[in-house]
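J.: My structure is below; once you've seen it, I'll send some questions.
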Amino acid sequence: MASAMYGKDKDERGGFNFDHVRRNNMLHSSGLQFKAAMKTGTTISGIVFKDGVVLGADTRSTNGDTVADKNCEKIHYIAPNIYCCGAGTAADTEAVTGMIASNLELHRMATKRQSRVITSLTMLKTHLFKYQGQIGAALVLGGFDLNGPHLFTVYPHGSSDALPFATMGSGSLAAMAVFESDYREGLDEEEAKELVARSIRAGIFNDLGSGSNVDLCVITKDGVKYLRNHETPNKRTYARTKGYDFPPGTTVLNRRNFMTATAATLPLNEIVDISNGAPEDVVMTE
């Protein structure tokens with residue numbers, strides 16, 4: 001009888017909660033505009049070749065419609081034999097990969113052995129799944145351990161794939177088209193590097209969120225070769241050889257408004273008129 005009288009509270013039953021659906025629809029119909037998610041852009045890719053793994057990434061960082069950084073690094077260190085390309089929110093990819101790299105360092109110190117790629121994959125998946133996609137990190141993970149070369153993709157919600165070639169990011173479709181056309185088993189290192197570079201170039205030239213240069217990372221049993229700016233397909237068409245050198249006084253200063261908390265002779269917010277706009281040793285021309 002006691003069990004029949006007991007009923008679980010609705011918050012204890014688990015599952016999905018739709019309490020705010022009608023409220024949000026009412027607010028939206030009344031004219032309230034909800035803030036949209038920031039659009040991100042990246043092209044990252046990787047392939048497995050006969051001796052290891054090659055990872056690639058573009059170097060454009062965007063802030064909405066603005067290019068924030070033309071030469072950022074999207075290939076992150078995980079372990080001496082493991083690297084990871086990140087797409088999505090830059091802060092999330094850097095924080096997640098940095099945290100996993102730190103944990104793997106402690107794990108190597110405790111176990112006295114090389115980190116395994118599957119260990120880093122499990123740690124990444126567990127962390128991302130815990131946050132249910134709120135961490136905007138889409139990753140291409142590659143490495144070489146005692147079991148050979150490995151390549152994985154990790155999605156923001158925590159799912160993953162093990163593939164011989166993989167792409168992620170807004171330019172992933174253009175990069176995947178290159179892989180599906182020309183990938184084959186048994187590629188050597190130079191062929192793998194060229195194929196990955198072509199896939200990144202496809203994203204750079206066909207996706208507005210990707211651009212600038214091509215970074216590569218080659219991981220084999222002999223070590224890691226990080227090829228920063230391996231290709232620069234978007235060089236500036238014009239660069240001033242002399243540079244820019246503006247002498248003091250080039251811009252005439254008519255008046256200065258300053259505040260001081262230490263000067264006893266001048267009151268705060270004193271307006272001082274400047275009679276001569278340029279230093280005496282600078283010759284001004286009309």
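The values are calculated or read from the model by the stated rules, or taken from the named source; none is laboratory data. Note that this is a predicted model, so its numbers are computed, not measured. In this analysis, Cβ positions are derived from the backbone assuming ideal geometry, glycine residues included, and neighbour counts consider all displayed protein chains. Just the protein is used for accessible areas: all its heavy atoms, side chains included, with ligands, DNA and RNA removed. Shrake-Rupley method; radii C 1.70, N 1.55, O 1.52, S 1.80 Å.
J.: Heavy atoms only, probe 1.4 Å: what % of the accessible area of the stretch 108-250 goes to carbon and sulfur, would you let me know?
T.: Details: 4240 of 8030 Å².
That share works out to 53 percent.
J.: Another one. Obtain the nm distance between the two label points defined at Glu180 and Thr241 by a simple spin-label model: each point lies 7 Å from its Cα along the Cα-to-C-beta direction.
T.: Once both label points are built, they end up 4.8 nm from each other.
J.: Taking a point 7 angstrom from the Cα of Tyr131 along the C-beta vector, which residues in the stretch 88-106 have backbone N less than 13 Å away?
T.: 88-100
J.: Tell me, what is the percent relative contact order of the stretch 110-155, built from C-alpha pairs under 8 Å that lie six or more residues apart?
T.: RCO, the stretch 110-155: 39 percent.
J.: To continue, here is another question. When you count, for each residue, the other Cβ atoms within 10 Å and take the mean per peptide, how do 239-248, 169-178 rank with the highest first?
T.: 169-178, 239-248
J.: Just subtract the alpha-carbon distance of Asn147 and Ala162 from 0.36 nm times their residue separation and send over the number in nm, one decimal.
T.: Details: separation 15, 0.36 × 15 = 5.40 nm, distance 1.41 nm.
Gain on stretching Asn147 to Ala162: 4.0 nm.
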